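K.L.:
Take a look at the following structure, please.
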Amino acid sequence: MSARWSQQTKLIVTIGVLLGLVWAVFRFGRVLSPVVVAVILSYLINQSVGWIVRNTGWPRLPIVIVHFILILALLISAPAILTPRLIRAVGALNLDLQGVIVELGRRSQEPVILFGFQLEVSQLYNQIIDVLRTLLQSFVSGAVDIVFNVAAALLYLILVLVLSVYMVKDTPQMGRFIYQRIPPAYRPELRALWVELVAIWDAFFRGQVVLGIVVASLVTTVMTAVGLRNAPILGLISGLLEVIPTFGPAIAMIPGVLLALVQGSTWLPLTREVFALLVAGCYLAIQQIENHFIVPRIIGRRVHLHPVVILSGALAGAQLSGILGVFLAAPVIASLRILFGYAYAKILDLEPFKPPEVLVPTPHQRQIGGRPVRGILFDLDGALAETDDALAKQWGRRLRFLRRISSRLDTEHAARRLIGMLEGPSGRILSLLDRMGLEDEAARFHGWLCRLRGVRPADALQPVAGTPQLVRALAARYRLCIVTTRCAEEVNTFLEQNGFNGAFSVIVSGDCSRRLRPHPQPVRQAAEALGVSPAQCVLVGDTGADVQAAKAAGVFAIGVLCGFGDAKDLSDADLILPTTAHLADWL
C-alpha cells in the first residue's frame, strides 16, 4: 500500500492546484474563449436533447446529430436571408450618421436656448462630431478587416461546433464519471449545490433572450409612438446591447438621442432640443421599468445582483476575455456567490442548504397542502383501473426496429410514454371537432384512437390494487366523482363488477362532457355537480393531461405512477404518489 498524504500535504497540493488554475485562466483567457462558447452552446442544446430523450426514450446520438444538422442549416441559410435586410438597415443608419455630423456642425455655431436659458455647447458639439467621424472611419476600415477575418471566423466556428458535438453526445458519461468520483458522503449536498448553479445559468440564458426581445419591442413601440425615425433599428440595437450589463442600455440610448436632436419628431410640435430630452426620458423610463419589473421577473432574483457588483464584474470580464467576459459577468458572479456561501457554511460547520420542508401526513387528515378537501375526482383508466401492460409490450415489440440504432433503447418504456402522451393532443382534437359540429368525424376519430391505444372493454378492466377498500373508506368522508372519457355505461359496468357500487355520487363521462382533458371543463363540471368549490377538490390522475386540466380548473392535482405517466410527465402535480392506494396516507 502506498504511503498516505498528510493533511498538510493535501492542503498544499489543493492550494497549488487552485492557484495554477487561476493563473491559467488569466494567462490563457482569450485562448479559452472557443471552449467557453462551446460549453455554452452545448449546455443550451443539451436542454432540448435531454427533453426529447426523456420523453421518448429514443437514443441520444441520432437526436444530437439532427440538432447540429439543423444548426448548420440555420447558419448557412441565415446570411442569405438576413444580409440584404441588414445592409439596407445599416446603410440607412450610416446616412443618418452622416446627416447627424453635418447638422451638428451647423448647430455648433449657434447657441442653444432651452426653456428660456441660453447654453453654450459648441465645445460639446465638436467632441461629439469627432467621435462620430471616428466611428464612420472605423466602419470603412472594419469592412476591410472583416473580409480578411472570414477564414479565422470560420475556423473558430468549426472548432466550437466540433467541441459542442462531443460535449452534448458525452454529457451523460461525463456526468457519471464525475459523480462516481465524488465520495458518497458528499454526494447529496454537492447535488444540491449543482441544482443551485444550474438554476442560475438557466435563469440567465432564458432570461437574456426574453429580455432582449422585450426591450427591443418596447423601444421600437415607444420611439415609433413619439415619431422618431429608424425606430426598428434603434429597437434592434437596444435588444442586442442587453447582453452588456449596466453599460448596454446607456450605450443604446446615444444614437436615439442624437437622431432626435438632429431630425426631430415626425409629428410632435417640439423643438429638436426638447424632443431629444423627451427621447432620453423615454429611454430612462424603459430602463427603470426593465430594472424594477422586467429583470426580476424574467431573469429572477438568483442572478439579479447589485449594479456596482455587475459593473465591477463586467470590467474584470472585459479585461479577461473581452465581450464574452462582459456577457458572462453576471452569472459567473452569481455562481461564485453560491460557491463562496457553500464554502463559508462548511468552514463554520453550518448547514449549507436549507433542509426541505417535509409534510408528514396524519391519520384521517382532511387537508392537502393546507387546503381543505371536500371532493375527490378520480380518473378511471390508470387511477382506478389498471392500464393494459399488454398494449405497451405490443407496441414495444413494434418499435424494436429502433434498437438497430441503439441496443440500449427500452422500446416498451418508449411505447408507454407515447401512449400516455396521446391523451392531451387527442383531447384537444376531439374538442375542436365537437366545437365545429363534426360529431360523426369526432366519433370516428375517437374510435380510431381507442383502437390505437388498445382500450379494453369495461368488463375486462381490473381495479388498481387497494382501490376498492380505499374508495369505500373515502366515501364515508368525502364526495367522490369519476371523470373519464369512457361512456357512462362502461363506467357503471366497471363499478358494479368491482365492488364500487354507491361510492361515487357523480360520474362525468365522455358522453356528457363537450370537452375532453386537458381542457378544464370536465373537471369544473364535476366540481359543480358535487356542489363543491374547485378549490376544495383534488383530482387523481395518471397523465400530464389530468394534471393540466386540474391546474387550469383550480383543483389540487395528485399524480399517480400506476398508469401510463411517469414522474417527469407528472412533474407539475402538487403531489405524486406511487399508486392510488397511497392516497389513504394523506386523506
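K.L.:
When you check residue 268 against the structure, is it touching a strand residue (DSSP E or B) at 6+ places or on another chain (Cβ under 9 Å), modelled with pLDDT of 85 or more and assigned by TED's automatic domain parsing to the domain that holds residue 210, yes or no?
P.N.:
no
K.L.:
If residue 540 satisfies every condition in (1) crowded, with 19+ Cβ neighbours inside 10 Å; (2) in contact with a helix residue (DSSP H, G or I) (Cβ under 7 Å, 6 or more places away or on another chain); (3) part of a loop (DSSP other than H, G, I, E, B) but one, which is the exception?
P.N.:
Among (1) crowded, with 19+ Cβ neighbours inside 10 Å; (2) in contact with a helix residue (DSSP H, G or I) (Cβ under 7 Å, 6 or more places away or on another chain); (3) part of a loop (DSSP other than H, G, I, E, B), the lone unmet condition for residue 540 is (3).
K.L.:
Identify all residues within the range 548-563 that are in a loop (DSSP other than H, G, I, E, B) and in contact with an Asp or Glu (Cβ under 6 Å, 6 or more places away or on another chain); write none if there are none.
P.N.:
Once the filter is applied, which keeps residues that are in a loop (DSSP other than H, G, I, E, B) and in contact with an Asp or Glu (Cβ under 6 Å, 6 or more places away or on another chain), the range 548-563 yields only 563.
K.L.:
Given the condition assigned by TED's automatic domain parsing to the domain that holds residue 556, on the phi > 0 side of the Ramachandran plot and out of contact with any Cys (no Cβ under 8 Å at 6 or more places or on another chain), answer yes or no: does some residue in the range 497-517 qualify?
P.N.:
Looking for residues that are assigned by TED's automatic domain parsing to the domain that holds residue 556, on the phi > 0 side of the Ramachandran plot and out of contact with any Cys (no Cβ under 8 Å at 6 or more places or on another chain), one finds at least one in the range 497-517, hence yes.
K.L.:
Kindly indicate whether any position in the range 495-514 is in a helix (DSSP H, G or I) and modelled with pLDDT of 85 or more.
P.N.:
Yes, because at least one residue in the range 495-514 is in a helix (DSSP H, G or I) and modelled with pLDDT of 85 or more.
K.L.:
Pick from 545, 527, 553, 549: which is over 25 Å from the mean Cα position of the chain (by Cα) and either farther than 18 Å from residue 582 by Cβ or among the charged types (D, E, K, R) (or both)?
P.N.:
The unique qualifying residue is 527.
K.L.:
Let me ask another. Among the residues of the range 543-557, are any hydroxyl-bearing (Ser, Thr, Tyr) and under 16 Å from residue 373 (Cβ atoms)?
P.N.:
No, the conditions are met nowhere in the range 543-557.
K.L.:
Quick one: residue 298 ticks every box in (1) under 30 Å from residue 35 (Cβ atoms); (2) at pLDDT 75 or above except a single one, so which number is it?
P.N.:
(2)
K.L.:
Could I ask something else about it? Looking at the range 471-485 only, could you name the residues that are under 10 Å from residue 378 (Cα atoms) and of a type in the set (Phe, Trp, Tyr)?
P.N.:
Hits for the range 471-485: nothing passes.
K.L.:
Can you find even one residue in the range 170-189 that is closer than 23 Å to residue 327 by Cα and touching a residue at least 60 places away in the same chain (Cβ under 8 Å)?
P.N.:
Within the range 170-189, not a single residue is closer than 23 Å to residue 327 by Cα and touching a residue at least 60 places away in the same chain (Cβ under 8 Å).
K.L.:
Within the range 529-537, is even one residue in a loop (DSSP other than H, G, I, E, B), surrounded by fewer than 24 Cβ atoms within 10 Å (Cβ to Cβ) and touching a Gly at 6+ places or on another chain (Cβ under 6 Å)?
P.N.:
Yes, that holds for at least one residue.
K.L.:
Sort through 200, 237, 254 and tell me the only one that's in contact with a Lys or Arg (Cβ under 8 Å, 6 or more places away or on another chain) and not in a loop (DSSP other than H, G, I, E, B).
P.N.:
Just a single option satisfies the conditions, and that option is 200.
K.L.:
I would also like to ask the following. What about residue 491, is it of a type outside the set (Lys, Arg), in contact (Cβ under 8 Å) with a residue 40 or more places away in the chain and out of contact with any helix residue (DSSP H, G or I) (no Cβ under 6 Å at 6 or more places or on another chain)?
P.N.:
Spelling it out, residue 491 is indeed of a type outside the set (Lys, Arg), in contact (Cβ under 8 Å) with a residue 40 or more places away in the chain and out of contact with any helix residue (DSSP H, G or I) (no Cβ under 6 Å at 6 or more places or on another chain).
K.L.:
Does the range 263-276 hold any residues that are among the hydrophobic types (A, V, I, L, M, F, W, C) and farther than 13 Å from residue 227 by Cα, and which are they?
P.N.:
Of everything in the range 263-276, just one residue is among the hydrophobic types (A, V, I, L, M, F, W, C) and farther than 13 Å from residue 227 by Cα, namely 274.
Residues are listed down the side, and each one gets a yes or a no for (1) under 22 Å from the mean Cα position of the chain (by Cα); (2) among the charged types (D, E, K, R); (3) modelled with pLDDT of 90 or more:
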{"position": "217", "(1), (2), (3)": "yes, no, yes"}
{"position": "228", "(1), (2), (3)": "no, no, yes"}
{"position": "235", "(1), (2), (3)": "no, no, yes"}
{"position": "246", "(1), (2), (3)": "no, no, no"}
{"position": "262", "(1), (2), (3)": "no, no, no"}
{"position": "273", "(1), (2), (3)": "no, yes, no"}
{"position": "315", "(1), (2), (3)": "no, no, no"}
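The values are calculated or read from the model by the stated rules, or taken from the named source; none is laboratory data. Treat the numbers as computed from the prediction; the structure is a model and nothing was measured. Neighbour counts run over all protein chains shown; Cβ positions are idealised from the backbone, glycine included.
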